[in-house]
Amino acid sequence: MNAFQQYFYDLAQEYPRWNFIYFYDPSQTERVIDGLGMTVQLSVICVICSVIIGVIGAWIQGAHSALARNLMQGYIQFFRNTPPLIQLMFFYFALGQFTPTYSPDGWLEVPIISNVGWAIISLSFFAGAFNVEIFRAGIEAVPESTREAAEALGMNRLQIYIYVVLPLAFRVSLPALNNNLVNLVKTTTQAIAIAVPELLYQMISIYNDYSTAQYACMLFMFIAYIVLVGILVFGMHRWERALKIPGYGT
Amino acid sequence: MTDTGWTPDQPLVSIRDVHKSFGELEVLKGVSLDVMKGEVICVIGPSGSGKSTLIRCVNALNPINSGSILVEGQEVNDPHLDKLELRKKVGMVFQQYNLFPHKTALENIMMAPLKVLKQPREEVEERSRALIKRVNLVGKENNYPGELSGGQQQRVAIARSLAMDPDVMLFDEVTAALDPETVNEVLLAIKDLAQRGMTCILVTHEMGFAREVADHIYFTDRGIIVEHGPPATFFSDAKDPRTKEFLSQIL
């Protein structure tokens, strides 16, 4: 045991309620690192997927086809108006029944989409629904006349969207997008409901095994999320500044 | 390119009995005019007389209800119109410049040739820099529209349109939003264009400019062309009382 581990070990001996077990017991440290890793993985993948869903969804919202627009509207209503926890459970427990399975050892039947897979799908679509609406607000802020100028230069609808509307709308949308992505990172904790071994899951496992570690585990979670979300917000603000156009807007 | 059978001795733009309504409001009530290659025509008239609508119809930004608009023999009022083919031929400059605010002056000019015509970058850049020089904006290549004055922005907009190498240019009240001291630099750029033989249709309130550069002037009021003629006779011997009244107010 090194001096760091020794310090927390002694602390726990002296004050049993301050049992920072993950600092001196290597197998608990591993659980924390695994949990953090899963939370970061979930967050990064879901942030990227939800932004892609937002960009494509906002494009479909402007489609000529009324069917496409209505389907998009239905998707938004479904995911925005139902709790993400219920979405997760519905995806995993209900839809998960109907996905094909495979058998790695000829004995166990494993569904093709794992609980982590369902968490990524369900959380991405959940945050994506909000992102569609966020981008739509940004798109509506792009003047019709700017679009017209692009049209007069021979651009088609997709070119106008990619080269003119989206870059401008994206800048307008960033503050709202920032908020939604922060929420998404926090919502990844709900994946515990389908036993995704993310940070909350690992922390609860630790204090179920070592009940004196409860305070220490909760404290760690607060600090971990402050740091994780802090990094995201810092990155988004840097991005916002980098995208600022000289002489445009305020 | 589709073969339309058009030859340069026929009008480059031929507008025939065009009607256009916005809902209940009939804006154009049977307008006809021809523009030959190399000709500069000015459309003047009171606000709401339909002159802006008319030129917006020429590049299909506004669809027309009836009539015919031929651009180099291509029918604009055709549901199967190849809009890209039309817009390669017709350039347009707007009252509010409508530059892409997230692109520099040079990038604004280069965007359509790169993305729409898929031309090679070096060639487009060389041509765009030449256009910057032509509209007298050397040194402003890397400025964003928000960093340029109205007159400078409008000259970038002209260069952006010219980068597509159009056969006819439409100018929709391009000096109306400008500070008086920058109007002239834009007019000079248009005049230069006209002298190089570009076919131009201008909607304008600059009567002095119209008199100087136009080959033909059309006066519109309440959706029809009231009177037209070459500037030499148009301004001095207007016959219709509406034209006379308009000219007396504006000159």
What the Cα atoms of chain B span along the principal axes, largest first and in whole Å, is 53, 44, 37
Can you bin the range B:105-177 into rounded, prolate or oblate? Criterion: square roots of the alpha carbon gyration tensor eigenvalues sorted a ≥ b ≥ c, rounded for a/c under 1.5, prolate for a/b above b/c, oblate for the rest.
oblate
In the range B:1-127, if every C-alpha pair distance is counted and binned at 5 Å from zero, what percent goes to each bin?
2, 9, 17, 19, 18, 15, 12, 6, 2, 0
What does the structure give for A:138-149 when I average, per residue, the other chain Cβ atoms found within 10 Å of the residue Cβ?
3
Excluding residues on the same chain fewer than 8 positions from B:K89, give the lysines whose Cα lies under 18 Å from its Cα.
B:K37, B:K115, B:K118
Work out the charge dipole of the range A:3-242 with +1 on the Cβ of Lys and Arg and -1 on the Cβ of Asp and Glu about the Cα centre, then indicate which of A:V182, A:V116, A:L95 is farthest towards its positive end.
A:V182
GNM flexibility winner over chain A from A:F135, A:F222, A:F170 (Cα, springs under 10 Å):
A:F222
What per residue convex hull volume, in Å³, comes out for the range A:3-242 when only alpha-carbon positions are used?
168 Å³
So which lysines can B:K29 reach, going by Cα to Cα under 19 Å and dropping same-chain residues fewer than 8 places off?
B:K20, B:K51
May I ask you to sort A:I48, A:I120, B:I15 by Cβ crowding, counting other Cβ atoms within 10 Å and putting the fewest first?
A:I48, A:I120, B:I15
Got the relative contact order for the range B:93-159 handy, in percent, Cα pairs under 8 Å and 6 or more residues apart?
50 percent
For the protein assembly as shown, give me the percentage of DSSP beta bridges that are antiparallel, rounded to the nearest 5 percent.
55 percent
Cα-centred dipole magnitude for the protein assembly as shown, charges only on beta-carbon of K, R (+1) and D, E (-1), debye, nearest 20
320 debye
If each DSSP helix of 4+ residues adds -39,500 (n - 2.57) and the sum is divided by the residues in chain B, what number results at 222 nm, nearest 500 deg cm²/dmol?
-10500 deg cm²/dmol
Among B:H19, B:H80, B:H228, whose mean-square fluctuation peaks in a Gaussian network model of chain B (Cα, cutoff 10 Å)?
B:H80
Residue-normalised 222 nm signal for chain A, counting each DSSP H run of n ≥ 4 as -39,500 (n - 2.57), nearest 500 deg cm²/dmol, is -23000 deg cm²/dmol
Can you list the DSSP H helices in chain A whose Cα atoms extend at least 30 Å along the helix axis and whose mean Kyte-Doolittle hydropathy is 0.0 or higher?
A:26-61, A:115-140, A:214-242
For the protein assembly as shown, alpha-carbon Rg over 2.2 N^0.38 Å:
1.37
Excluding same-chain residues fewer than 8 positions from B:K191, which aspartates and glutamates have a Cα within less than 18 Å of its Cα?
B:E39, B:D165, B:D167, B:D172, B:E173, B:E181, B:E206, B:E212, B:D215
Under the definition of Cα pairs under 8 Å and six or more residues apart, what whole-number percent is the relative contact order of the range A:3-242?
28 percent
Would you work out the relative contact order for the range B:138-239, in percent, from Cα pairs under 8 angstrom that are 6 or more residues apart?
21 percent
Using a 10 Å cut-off around each Cβ, can you sort B:C42, A:C217, A:C49 from fewest to most neighbouring Cβ atoms?
A:C49, A:C217, B:C42
For chain B, set up a GNM with springs between Cα atoms under 10 Å and report which of B:S52, B:S128, B:S32 has the largest fluctuation.
B:S32
Let me know the Rg and Dmax you get for the range A:62-134 when you use only its Cα atoms, in Å.
15.4, 50
I need the trypsin sites (Lys or Arg not before Pro) found in the range B:167-251, filtered to DSSP loop residues with at most 15 other beta carbons within 10 Å of theirs.
B:R196, B:R222, B:K239
Using the count of nearby Cβ atoms within 10 Å as a rough guide to exposure, how do B:T220, B:T104 rank from fewest to most?
B:T104, B:T220
Anisotropy class of the range A:105-202 from Cα gyration tensor, a/c 1.5 cut:
oblate
Within 10 Å of each Cβ in peptide B:84-95, how many partner chain Cβ atoms are there on average? Round it to a whole number, please.
3
In whole angstrom, how long is each semi-axis of the equivalent ellipsoid of the range A:174-250, when you take the square root of 5 times every eigenvalue of its Cα gyration tensor and sort them from largest down?
35, 13, 7
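FYI, it's all coordinate maths here, none of it is from the lab. Note that this is a predicted model, so its numbers are computed, not measured. Virtual Cβ from ideal backbone geometry, glycine too; neighbours counted across all protein chains shown.
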